Amino acid sequence: MIADTQHPARPFKLWSQFQTHWELIFALLAGLFILIGWLLSQYGYAGLSVLAYVLAFGIGGFAKAKEGIIDTLEHRKLNVEMLMVLAAVGSALIGYWVEGAILILIFSLSGALETYTMNKSKKEISALMSLQPEKAVRFEDGVETSIPIESLRVNDVIIIRAGERVPADGELIDGETTFDEAAITGEAIPVVKAKGDEVFAGTVNVRGTILVKVTKPLSETLFQRIIHMVQTAQSEKSPSQLFIERMEGTYVKVVLLVVAVMMVLPHYVLGWSWTETFYRAMILLVVASPCALVASIMPATLSAISSSAKRGILFKGGVHIENLGHLKAIAFDKTGTLTNGSPEVTDVVIRDGLKQHSFFFHVASLETYSNHPLAQAIVAYSEPQLTDGITKPEQMEDISGYGVQGLFADGQWKAGSAAFVGEQEAAAFHNNVAERLAAEGKTVVFIKDDKGIAGVIALKDSIRPEAVAAIEALRKEGITPVMLTGDSEQTAKAIAAESGLTHYEAACLPEKKVSHIKELQRQFGTVAMVGDGINDAPALATANVGVAMGDGTDVALETADVVLMKNDLPRLAEAVKRSKKMNRIIKQNIVFSLSVVALLIASNFMQIVDLPLGVIGHEGSTILVIVNGLRLLRG
């Protein structure tokens with residue numbers, strides 16, 4: 001029975017894999033038939049060898065021939081795919097089956113790789129969609145009803161419990177809570193929300209049950225706009241791609257026009273025989289095929305990608321490593337990119353006369369029962385300062401948006417905001433030390449006992465140790481670094497100063513980050529974005545090169561063009577150098593391959609080169625540009 005239930009799924013899985021990778025499978029099969037055909041010819045089976053080559057032509061050339069024919073019919077212009085097919089057929093017509101089959105094989109392999117890369121780039125949309133709730137709980141006339149989120153309407157009232165994601169943008173109409181808005185702003189520290197505040201779809205209600213009135217249709221929520229921006233950015237073609245597409249039709253038309261002329265004109269003008277005229281036209285079609293031109297780019301690109309992967313930099317396609325070499329500006333997200341992404345205690349100021357042990361005992365005992373990120377950081381810092389354990393306070397109370405309080409043997413203690421402990425007392429403590437700490441971009445927690453302010457604890461998301469070195473290395477490459485963050489102006493200014501940045505933008509929601517990226521593109525040209533959060537996805541997709549930190553969210557990793565697998569920011573400058581080297585090699589290869597084609601065409605016209613020599617020159621130039629590209633494997 002087990003076998004019977006499992007077998008139906010196996011053919012379906014195999015068919016699904018075939019549908020995904022069929023171009024690559026066909027290309028490999030073509031290579032196999034080329035090998036079979038060559039072996040048969042070596043043993044004297046000429047007829048069977050031709051049959052094997054015909055199968056290689058049909059199987060390997062199917063995808064590109066289909067693509068070329070459909071594209072030609074739809075856009076009414078010729079393309080490189082058609083030229084490759086004609087060049088291969090031309091080789092076969094004059095008896096050079098192996099050369100024609102190899103042309104088909106090389107082009108079909110490149111097409112399979114392009115298809116694979118395109119399929120991979122579409123996954124981030126499904127990753128984004130998985131973060132949106134499928135159901136919402138509508139509250140109407142005291143009755144709770146679970147409904148699909150598609151059924152939500154503006155002015156509906158919904159219930160959101162602790163730990164649940166918000167299904168739609170709305171206004172908080174009952175309750176106070178803390179929201180984890182990392183999906184929208186990317187900031188690690190949750191935001192306090194009270195009645196009248198706006199809440200965003202995709203964010204998480206950290207504690208308590210609240211009522212929210214829907215203010216926007218589902219299609220207009222900030223979360224949906226993030227998805228739309230990613231889709232829009234990925235559908236836009238790069239300038240290089242547009243240039244190649246414009247040149248493609250012209251190149252094919254010129255080659256075919258010259259071949260057509262070569263099939264007729266030399267017979268009448270130069271007195272060639274019809275056999276010689278057709279022979280020379282077929283040689284032209286073979287030597288003018290873009291095989292060497294294609295090989296000028298792909299091996300060099302794959303070598304650079306492989307070399308980068310060994311160093312912890314994963315590129316998702318050749319165009320991205322090419323663009324990196326043209327980089328003029330780079331935008332960094334703050335949290336999790338330039339910083340570690342979690343708050344740490346940086347300063348502790350205790351009231352004169354209060355023993356340090358007593359202070360940390362009460363603080364740890366209060367905060368250990370809170371799940372707020374700040375509380376967890378304070379407990380982690382306080383525990384090593386204690387010689388004894390902690391105790392659970394009596395009358396423990398967690399007041400959302402303000403702090404926590406509890407009763408100890410020596411009286412009541414509080415930990416929280418200035419408003420919670422008394423703003424005047426908070427401002428007066430140690431000559432308003434809290435204001436100085438806040439000016440440094442730090443979050444300040446006040447501790448109070450029955451005698452007044454017992455002390456303050458400052459926390460900050462600390463800079464990655466390697467961030468400053470990475471920024472300086474990029475500057476040396478002529479790249480302007482900029483920081484884009486959803487944090488406040490005060491915090492952004494402090495982090496920018498610490499990391500050596502002179503340009504930064506604060507309070508950036510996803511849409512604003514996209515706007516800044518587009519402005520940088522207008523100002524500098526080629527721009528990269530480095531981020532790690534869901535909120536960075538639109539900016540990563542909009543930038544010419546999107547770079548994600550290896551420990552970032554799935555959405556950022558899927559959206560980005562480049563992934564720093566070990567979160568090693570200084571590797572970016574190395575990648576830029578490697579990209580510039582790759583671009584130089586590609587230019588060398590292109591100039592060389594086109595020069596060889598021009599030389600072979602001229603020699604053919606002068607009747608100096610015959611078909612075997614033309615094939616040797618054509619294929620030899622291909623091998624040379626491949627070897628030149630493989631130099632990038634050394635770094």
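The values are calculated or read from the model by the stated rules, or taken from the named source; none is laboratory data. Treat the numbers as computed from the prediction; the structure is a model and nothing was measured. Every residue, glycine among them, receives a Cβ derived from its backbone with ideal geometry; neighbour counts consider all protein chains shown. Calculation scope for accessible area: heavy atoms of the full protein, side chains included, ligands and nucleic acids excluded. Shrake-Rupley method; radii C 1.70, N 1.55, O 1.52, S 1.80 Å.
Between Ala260 and Glu74, what FRET efficiency comes out of the Förster formula 1/(1 + (r/R0)^6) with R0 = 25 Å and r the beta carbon distance, rounded to 0.05?
The computed FRET efficiency comes out at 0.60.
In nm, give the distance between the simple-model label positions of Lys451 and Gln523, each being 7 Å from the Cα along the Cα-to-Cβ direction.
About 5.3 nm separates the two model spin labels.
Viscosity 1.306 mPa s, temperature 10 °C: what is the translational diffusion coefficient of region 448-490 from Stokes-Einstein with a Kirkwood Rh over Cα pairs, rounded to a whole number of µm²/s? It would help to have the intermediate numbers written out before the result.
Working: Rh = 14.2 Å.
In µm²/s, the coefficient rounds to 112.
Taking amide H positions as placed in the peptide plane 1.01 Å from N, state which residues far from Ile330 in sequence (5 or more) or on other chains have amide H under 5 Å from it.
HN-HN under 5 Å from Ile330: Thr480, Val482, Ala528.
Jot down the radius of gyration and Dmax of region 276-435, Cα atoms only, both in angstrom.
31.8, 109
Multiplying the sequence separation of Met247 and Arg165 by 0.36 nm and subtracting their Cα-Cα distance, what value in nm do you get?
Between Met247 and Arg165, full extension yields 24.6 nm more.
Could you tell me which trypsin sites (Lys or Arg not before Pro) in region 348-446 are loop residues by DSSP with no more than 12 other beta carbons within 10 angstrom of their beta carbon?
Of the trypsin sites (Lys or Arg not before Pro), the ones in loops of region 348-446 whose Cβ has at most 12 other Cβ atoms within 10 Å are Lys355.
Give the accessible area for Glu144 in Å² (nearest 10); use a 1.4 Å probe, count only protein heavy atoms, and leave out ligands, DNA and RNA.
100 Å²
So if R0 is 25 Å, what FRET efficiency would Ile590 and Val269 give, r being the distance between their Cβ atoms, rounded to the nearest 0.05?
It comes out at approximately 0.15.
Any of Lys193/Lys213; Lys310/Lys334; Lys392/Lys451; Lys328/Lys476 with alpha carbons more than 23 Å apart? Name them for me.
Cα-Cα > 23 Å for Lys310/Lys334; rest within.
Quick one: which of Lys216/Lys518; Lys442/Lys580; Lys414/Lys442; Lys518/Lys587; Lys195/Lys460; Lys195/Lys442 span more than 31 angstrom between C-alpha atoms?
Details: Lys216/Lys518 26 Å; Lys442/Lys580 40 Å; Lys414/Lys442 20 Å; Lys518/Lys587 28 Å; Lys195/Lys460 28 Å; Lys195/Lys442 26 Å.
Lys442/Lys580, as the Cα separations exceed 31 Å there.
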